[in-house]
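The values are calculated or read from the model by the stated rules, or taken from the named source; none is laboratory data. Just so it is clear, the model here is predicted, and its values are computed rather than measured. Every residue, glycine as well, gets a Cβ built from its backbone with ideal geometry; the counts of neighbours run over all protein chains shown. Surface accessibility is based on the protein's heavy atoms, side chains included, excluding ligands, DNA and RNA. Shrake-Rupley method; radii C 1.70, N 1.55, O 1.52, S 1.80 Å.
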Amino acid sequence: MTVLPETGYIPTDEDRASLDAWFAEYDAHSAKRDVERMADLAAFPLNLVSDDSAGDGRAAQWDREQFVATMTHVMREGSADITFESTRTPVFLSPAMAVVFTDSVMTTDEGTQRLRYADILIRRGGSWAFQTMIQGGWGDNL
């Protein structure tokens, strides 16, 4: 069992439900490889944090155009379905900020891949948006 840190903010049922709904929408767009709709759910400039093949930490900021171009390449447009089975552990810092740790299994016709990553989301005007993506192994592409 994961013990969440005490942040001073106790999320409401609506906080958690709205975050779960956001991820369901994002996952649906990802499964369809609809990168433009995925980008609609971001707060740009987007921060990216990773490590590279030399073992050094890397960080970058992307605008929408770079996100769309890179994610289109990474997701390799095709007809094969993508499914995600994800377990998410959100840590709410406030009603408008959450760090979400995700353990996911992505399955395509080509096989299965396990993913572990974290996202920082912010809520603006009642809607969540991802602002920072953190995942190991992508630093050479930043």
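Please go through region 110-142 and pick out each residue that is of a type in the set (Phe, Trp, Tyr) and modelled with pLDDT of 90 or more.
If the condition is that a residue be of a type in the set (Phe, Trp, Tyr) and modelled with pLDDT of 90 or more, then Tyr117, Trp128, Phe130 are the ones that fit.
State which residue is modelled with the highest pLDDT when the search covers only region 32-56 and only residues that are part of a loop (DSSP other than H, G, I, E, B), within 28 Å of Thr83 (Cβ to Cβ) and open to solvent by 40 Å² or more (accessible area, probe 1.4 Å). Steps first, please.
First pass over region 32-56, keeping only residues part of a loop (DSSP other than H, G, I, E, B): 32-34, 41, 52-56.
So of that shortlist, the ones also within 28 Å of Thr83 (Cβ to Cβ) come out as 32-34, 41.
Adding the requirement that they be open to solvent by 40 Å² or more (accessible area, probe 1.4 Å) leaves 32-34.
On the way: Lys32: 86, Arg33: 86, Asp34: 91.
Within region 32-56, the match that is modelled with the highest pLDDT is Asp34.
So the check is Cβ under 8 Å with 6+ separation or different chains; which pairs have a first residue in region 1-27 that's touching a residue at least 24 places away in the same chain (Cβ under 8 Å) and closer than 12 Å to Trp128 by Cβ and a second one that's among the hydroxyl-bearing types (Ser, Thr, Tyr) and open to solvent by less than 30 Å² (accessible area, probe 1.4 Å)?
Close Cβ pairs satisfying both conditions: none exist.
Among the residues in region 64-75, are any under 23 Å from Ala21 (Cβ atoms) and open to solvent by 50 Å² or more (accessible area, probe 1.4 Å)?
yes
Is it true that Thr107 is assigned to a helix (DSSP H, G or I), surrounded by 12 or more Cβ atoms within 10 Å (Cβ to Cβ), modelled with pLDDT under 95 and among the hydroxyl-bearing types (Ser, Thr, Tyr)?
It is false that Thr107 is assigned to a helix (DSSP H, G or I), surrounded by 12 or more Cβ atoms within 10 Å (Cβ to Cβ), modelled with pLDDT under 95 and among the hydroxyl-bearing types (Ser, Thr, Tyr).
Quick check: is even one residue across region 9-24 in contact with a Ser or Thr (Cβ under 6 Å, 6 or more places away or on another chain) and modelled with pLDDT under 95?
First pass over region 9-24, keeping only residues in contact with a Ser or Thr (Cβ under 6 Å, 6 or more places away or on another chain): 9.
Checking which are modelled with pLDDT under 95 leaves us with 9.
So far as region 9-24 goes, yes, one or more of its residues are in contact with a Ser or Thr (Cβ under 6 Å, 6 or more places away or on another chain) and modelled with pLDDT under 95.
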